[in-house]
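The values are calculated or read from the model by the stated rules, or taken from the named source; none is laboratory data. A quick note: this is a predicted structure, and the numbers were derived from the prediction, not measured. Reconstructed Cβ throughout: ideal geometry from the backbone, glycine too, with neighbour counts over all protein chains shown. Heavy atoms of the whole protein, side chains included, go into the accessibility calculation; ligands, DNA and RNA do not. Shrake-Rupley method; radii C 1.70, N 1.55, O 1.52, S 1.80 Å.
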Amino acid sequence: MEPTNVNVSECTGAEVESVNYRAPPEKSISEILEADKDDESLRRYKEALLADALSQVPIVDPNNPNRVVVKGLALITEDRPDLYLDLTGDLNELKKTVYKIREGIQYKIRIDFYVQREIVTGLKYVQKINRKGIQVEKMSHMVGSYAPKMEHYSYVTPMEEMPSGLICRGTYVVKSLFTDDDGQNYLKWEWTFELTKEWE
């Protein structure tokens, strides 16, 4: 027997109406709590309703209100331990350190970070490299979207190659930024490396 296409309205005897429903924009828990914050009774009521949800939301660093907490950056090369920058400490001290890197190496960059409180979307890692005050390179990598959890995430960039040759040796300043599509900057930091003929 051939299959028959059946219209829903023929079965129910009612006409199927087209519903133009638009869902309201999503709101985070913090936005819900922030709304009407001057109304003390409403604020307490919402806190009571959301208490269970809040108790289950992973919070890695209670003192950091951001959704993203950047832990560190690693320069990954073959046959050598990773060069690791701890980004949880004093970033001004980090600026003062000059890391020696051999010319011509192939490398990847790994960013270690936590996501807490809420889902984050459109994360990006942006890096600008300057030499003698002039920008010589810019890279931007889409990191992606992540849900909050207590364990850290890692993002690794594709393989890159350091320049080589006498003219390329010298000191470079790297300006790094971890941000998202909404323009929320989670961490900015600077670090310096010297491109040398050999590793120290």
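Please state which of the following conditions Val68 fails to meet, knowing it meets all the rest: (1) open to solvent by less than 40 Å² (accessible area, probe 1.4 Å); (2) under 23 Å from Asp181 (Cα atoms); (3) without any contact (Cβ under 8 Å) to a residue 60 or more places away in the chain.
All conditions are met except number (3).
Select from the range 115-147 the residues that are farther than 22 Å from Phe193 by Cβ and not in a strand (DSSP E or B) and write down the one among them that is least open to solvent (accessible area, probe 1.4 Å).
This residue is Gln116.
Any residue that is in contact with a strand residue (DSSP E or B) (Cβ under 8 Å, 6 or more places away or on another chain) and polar (S, T, N, Q) - is there at least one of those in the range 127-134?
yes
Just to be sure I understand the filter: pairs with C-beta atoms under 6 Å, separated by 6 or more residues or on different chains, first member in the range 86-102 and within 19 Å of Glu194 (Cα to Cα), second member open to solvent by 90 Å² or more (accessible area, probe 1.4 Å). Which pairs pass?
Lys100/Glu200; Arg102/Glu198
Filter the range 77-96 for residues that are over 19 Å from the mean Cα position of the chain (by Cα) and under 14 Å from Tyr107 (Cβ atoms); which is surrounded by the fewest Cβ atoms within 10 Å (Cβ to Cβ)?
Here the residue is Asp79.
Write out, first by first residue and then by second, each pair whose Cβ atoms fall under 6 Å of each other, whose residues are 6+ apart or on separate chains, and whose first residue, in the range 143-157, is closer than 16 Å to Asn66 by Cβ and in contact (Cβ under 8 Å) with a residue 24 or more places away in the chain while the second is loosely packed, with under 15 Cβ neighbours inside 10 Å and polar (S, T, N, Q).
These pairs meet every condition: Ser145/Thr121.
Show the residue pairs that are 6+ apart or on different chains and have beta-carbon atoms under 7 Å apart, the first residue being within the range 169-198 and closer than 23 Å to Lys124 by Cβ and assigned to a loop (DSSP other than H, G, I, E, B), the second being of a type in the set (S, T, N, Q) and open to solvent by 50 Å² or more (accessible area, probe 1.4 Å).
Note: pairs meeting the criteria are Asp181/Thr121.
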